[in-house]
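Asks: Have a look at the structure that comes next, please.
The values are calculated or read from the model by the stated rules, or taken from the named source; none is laboratory data. Treat the numbers as computed from the prediction; the structure is a model and nothing was measured. Here the Cβ positions follow ideal geometry from the backbone for every residue, glycine too, while neighbour counts run over all protein chains shown. We work out accessible area using only protein heavy atoms, side chains counted, and drop any ligands, DNA or RNA first. Shrake-Rupley method; radii C 1.70, N 1.55, O 1.52, S 1.80 Å.
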Amino acid sequence: MILDIFKYSNDNEEDVTNKKFCDEDNCLEFRHMNISKTEFQNCKCLNSKLTNAFLSDVIFKNCDFSNTDFSDSSFTDVSFIDCKFVGCKFLNNSFRRVKIENSNFAYSNYDSSNFKKVEFINTKLDYFVLSLCKLDKVKFEESSLISATLVGTNLSGIDFRTSNIEGIIVK
């Protein structure tokens, strides 16, 4: 079902609004999608491209989007709860009022992205890369950033005291 909805939206240039998707397995490649007021539960969408997307008021619960490319996308009022986004690519993204909780975003790459009012709570960010990003009111609470690499990103005002930053590299 999720594949059919994405394909229909992509082919007909229509937005995905007020939908709820559950128990799906795979996706392919979708670009220029607007997704709002939508909840994804127990979805699996691996090794895919969901680029140039605009997501607003979206909830992801217990989803696995590992190794997916989300480049050039915007996330506003989005929640990720108990999700797996391992090895994902976030290039030139915007994150506003985003909450990531009890999730695994290890080995993900954030490059030239903007974060405003983003919370990482009890989230695994081991070996992730944060490069040339702008952070404004970003919180890392009880998260793991083991061997993460932070390059060209101003970290002033960021509090890592409750997180594990063992082996973190800051350049």
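Asks: Please list, in chain and number order, the residues 5+ apart from Leu91 or on another chain whose amide H is under 5 Å from its amide H, with Hs placed from the backbone.
Replies: So Leu91 has HN proximity to Phe70, Ser71, Asp72, Asp111.
Asks: Ignoring ligands, DNA and RNA, please state the percent of accessible area on region 83-171 from carbon and sulfur, probe 1.4 Å.
Replies: 47
Asks: Using unit Cβ charges (K, R positive; D, E negative) and no other charged atoms, how large, in debye to the nearest 20, is the dipole of region 36-77 about its Cα centre?
Replies: Result for region 36-77 is approximately 140 debye, rounded to the nearest 20.
Asks: Still on this model: Sketch the reach of a paramagnetic label on Asp77 as a point 7 Å from Cα along Cα-to-Cβ, and name the residues of region 32-52 whose backbone nitrogen lies under 17 Å away.
Replies: 34-40
Asks: What is the gain in length, in nm to one decimal, between Asn47 and Arg97 on full extension, counting 0.36 nm per residue of separation less the C-alpha to C-alpha distance? Write down the numbers at each step before the final one.
Replies: Values: separation 50, 0.36 × 50 = 18.00 nm, distance 2.60 nm.
Additional length available on full extension: 15.4 nm.
Asks: Quick check: net charge around Asn52, other residues with Cβ under 9 Å of its Cβ, Lys/Arg +1 and Asp/Glu -1?
Replies: Net of charged neighbours comes to 0.
Asks: If the chain between Ser112 and Asp57 were fully stretched, how many nm would it gain, using 0.36 nm times the residue separation less the Cα-Cα distance? Don't jump to the answer; show the numbers that get you there.
Replies: On the way: separation 55, 0.36 × 55 = 19.80 nm, distance 2.29 nm.
Fully extending the segment from Ser112 to Asp57 adds 17.5 nm.
Asks: Another question about this same structure. Using mean Cβ contacts within 10 Å as the protection proxy, how do 157-168, 54-65 order, highest first?
Replies: Highest-to-lowest ranking by the protection proxy: 54-65, 157-168.
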